[in-house]
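Just below is one structure, and these are the notes that go with it.
None of the figures in this text is laboratory data; all of them are computed from the coordinates on show. The structure presented is a predicted model; accordingly, all values stated were derived computationally and were not measured. So basically every Cβ, Gly included, is an ideal-geometry build from the backbone, and we count neighbours across all protein chains shown.
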Amino acid sequence: MNRAQEGPDTEPSTLWGRTACVWAAAFAALHFYWAVGGDVGLNISAGPLATERPLWFVVTGLWGVGALCLLGALLAWLLARSRLRGVPALLARRLGWGVSALLLARGIGVEVLLLINPTHLDASVSAGQRAWTLALWNPWFIAGGLAFGLTALRSRRHTDAEPPPPSRP
């Protein structure tokens, strides 16, 4: 399919936006599942907090992160589908870049820390947690960061390529 045949749902900004939106919604669903008592995968991700479940962890680490992920899904949808212009478009793109940077820093930063094996992490991170984080969790954070970054990048091209909306008399 060439560029002339692409419709609004196959444009790169829409495809990357959908990817980022699905990524964020899936992470929100996972955090809400954990918040209501689910435990599959939580012990690998959170270690002792998974069994203790202190209130602060459930409220901020599960419900709070789930809510932030839903906001991220909305942001990805806005970047890909809306026709924002001017300051709102600029703010949405900057938020998209910020989310991308945060996810990439988290994914790559934790990956590097676990790979170089600093001695102060030995007592707090089990071998199982280290292996699952390296193999499963961090690659997903990196993928999410890339998806948000590409959504923000393509969003600029998408909105800048369109003619301005007609002015009202």
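What the table below lists for this structure:
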item	result
Test item: Cα-centred dipole of region 10-161, Lys/Arg +1 and Asp/Glu -1 on Cβ, debye	760 debye
Gyration tensor (Cα) of region 10-161, equivalent ellipsoid semi-axes in angstrom	31, 17, 12
Förster radius 41 Å - calculated FRET efficiency between residue 91 and residue 39, Cβ distance, rounded to 0.05	0.60
In Hz, Karplus ³J(HN,Hα) per residue of region 91-97 (6.51, -1.76, 1.60; θ = phi - 60°; x = Gly, Pro)	5, 5, 5, 5, 4, x, 5
Where labels lie 7 Å past Cα in the beta-carbon direction, separation of residue 140 and residue 22 in nm	1.5 nm
